[in-house]
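Input: a single structure, listed below in structure tokens.
The values are calculated or read from the model by the stated rules, or taken from the named source; none is laboratory data. Just so it is clear, the model here is predicted, and its values are computed rather than measured. Heads up, the Cβs are rebuilt from the backbone with ideal geometry, glycines too, and the neighbour counts pull from every protein chain shown.
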Amino acid sequence: MLARTLSVCCLAMLIPLLLGAQVHSSSVRGTVRLGGSQARSLRLRLVLREVSSGAPIATTTADSSGNFAFHGVPFGSYDLQVFEGARIPIVARIAVRSAIPVWIELDTLRSYTAQPIAVESPPWQEPSSSGQTTTHWFFSEEDRTLLPTPMGQRAIEAVLMNTPGVVPDEDGRLHIRGESAQLHYVLDGIPITGNMTRVY
């Protein structure tokens, strides 16, 4: 009986330890290429920073072929910065969500060359000193005839639909409501709140 009680107590103490031993970290591996070619002779320094705090989690250097690895990285979101001397040519955001290693390939476009771009503009000219900064337009009778108008029997409905507080029903009936299309009726200064459904 004592052995059975002792084994149950040992199991009760080991279960929290086993649950705490679950893997909550992973590794981040990858390759750095500068301008299409792998980093052969450059010793690139890579820093893994936590996104929320900006604190560095780990630092490593890429080998001669540009490969790198971070081990024991906790789950979370990170910014991976590649330092080439004092310059940062690459920043990548990565997320570690499971124990499966994260593989990332980093590449810069540093070796690609572009033709120089020249931007030219005419010399600055002062605006005219008329002082007028607005535009005036007066509608003539001809302009009013060109405005779109509703078709015959729909003219009154179009005017009502442009009135604030008028809302069409799914059956095409119009309902006059309060602001923001809320049901709101007032009779002799007293708001009516009952029987506001379509069928009453």
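Can you report the number of residues in segment 74-110 which are touching a residue at least 24 places away in the same chain (Cβ under 8 Å) and within 25 Å of the chain's Cα centre (by Cα)? Write out each step before concluding.
Initial filter on segment 74-110 (touching a residue at least 24 places away in the same chain (Cβ under 8 Å)): 74-84, 89-90, 93-94, 96, 98-110.
Checking which are within 25 Å of the chain's Cα centre (by Cα) leaves us with 74-82, 89-90, 93-94, 96, 98, 102-108.
The qualifying residues number 22.
Looking only at segment 106-125, filter to residues that are at pLDDT below 55 and of a type in the set (S, T, N, Q); which one of those is farthest from residue 81 (Cα to Cα)?
Selected residue: 113.
Output the residues belonging to segment 62-76 that are farther than 12 Å from residue 33 by Cα and either among the hydrophobic types (A, V, I, L, M, F, W, C) or surrounded by 13 or more Cβ atoms within 10 Å (Cβ to Cβ) (or both).
Kept after step one, since they are farther than 12 Å from residue 33 by Cα, are these residues of segment 62-76: 69-76.
Once the filter is applied, which keeps residues that are farther than 12 Å from residue 33 by Cα and either among the hydrophobic types (A, V, I, L, M, F, W, C) or surrounded by 13 or more Cβ atoms within 10 Å (Cβ to Cβ) (or both), segment 62-76 yields 69, 70, 73, 75, 76.
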